[in-house]
Amino acid sequence: MAISLISRAQTPSCSAASKFYSKDSINVTAFGASTVAGVGGFSFESFLQQNIENCYTGKVVTITNNGVYGETTTQGLVRFPTAIQGRSGFLLILMGANDAQSIANKKMKLSETEHNMRYYIEESMKHGLIPILGTIQFYNDKNSQFLRDCNLYVKQINALYKRLAMEYHIYLADINLALGRNFSLYQDPVHPNEQGFRLISFVWFDAMNRAIEDKLLVIGVNQNYPNPVSDGKTRIGYSLSQASHVQLKLYSMLGSQVMQLADEYQGAGYHEVQANLTNLKAGVYIYVLRVGGQQFSKKLLLLK
């Protein structure tokens, strides 16, 4: 999904599933080169922490920065075991821009980048981390043939990362797609400025939300929106911690069933049902979610 900086507010759009996050803390390890380390007094980690704390209120948030300037994916191999030792939660991997330069200079091959990235992904999964692989940004190549050559390899590296994300069934933060070739978001030929880092934080945050919705939710039902219901249409969200048979029914205050909204097997994650209540009378109703032997209910108010 492309993300426009202009359309983004200074605070992120919170996932509805944030209310069903199952843990007391959110732990993030960021691993990579200079864009991870931060440049010019700016980094995406500080913005990302703000994003998380804004939406996942009451959770302890820790973000560890393991960025080293100028490293290729090969150079990062030595310190990777220490970077993930004892860590839990999310691993954000953003590395490869220096590989593009090394490949352009015929000091590396793309196959070496692939071998290294497979190591990072496989080791992080062995340690129980949730890896998110970031695509790398373009170089500002307007005045440099060498950087134009580098960008050819940036494209190949990002195509590789997308293929690996699909192969390993992990999450992708498409930073390259978000930044595009908007070099007003840069402070030099490759590093983002403050706005660019903020945009990158939104891309990471969106990917983390997808992972949370898929893997880290407790069972529960959300308050319908909008409520009160004035036009007869509303949305009811709920989360499943694992694949289950789901029943979602609407009852009158007298206890009679007036509508069945769901009765099927569904996968783990966050789900929403669109409810059309235009044929019902005004009043208070109760919707009930039954799943895995548990029952959850909330009231809604229908206006006419």
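Below is a table of values for the structure above.
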read-out: In segment 165-176, residue nearest to the chain's Cα centre (by Cα) [restricted to those that are assigned to a helix (DSSP H, G or I) and surrounded by 15 or more Cβ atoms within 10 Å (Cβ to Cβ)]; value: Ile175
read-out: Any hit, segment 106-122, residues being in contact (Cβ under 8 Å) with a residue 60 or more places away in the chain, closer than 21 Å to Glu45 by Cβ and part of a loop (DSSP other than H, G, I, E, B); value: no
read-out: So Asn182, is it surrounded by fewer than 17 Cβ atoms within 10 Å (Cβ to Cβ), touching a residue at least 40 places away in the same chain (Cβ under 8 Å) and not assigned by TED's automatic domain parsing to the domain that holds Gln295; value: yes
read-out: Matching residues, segment 222-265, being surrounded by fewer than 19 Cβ atoms within 10 Å (Cβ to Cβ), in a loop (DSSP other than H, G, I, E, B), under 26 Å from the mean Cα position of the chain (by Cα) and among the polar types (S, T, N, Q); value: Gln223, Ser241, Gln242
read-out: Candidates Asn140, Asn158, Asn105 - the one that is polar (S, T, N, Q) and closer than 28 Å to Lys215 by Cα; value: Asn158
read-out: Of residues in segment 80-105 being in a helix (DSSP H, G or I) and of a type in the set (Ser, Thr, Tyr), the one farthest from Leu217 (Cα to Cα); value: Ser102
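The values are calculated or read from the model by the stated rules, or taken from the named source; none is laboratory data. Computed from a prediction, not measured in an experiment: that's the story for all the values here. Note that each Cβ is placed from the backbone with ideal geometry, even for glycine, and that neighbours are counted across all protein chains shown.
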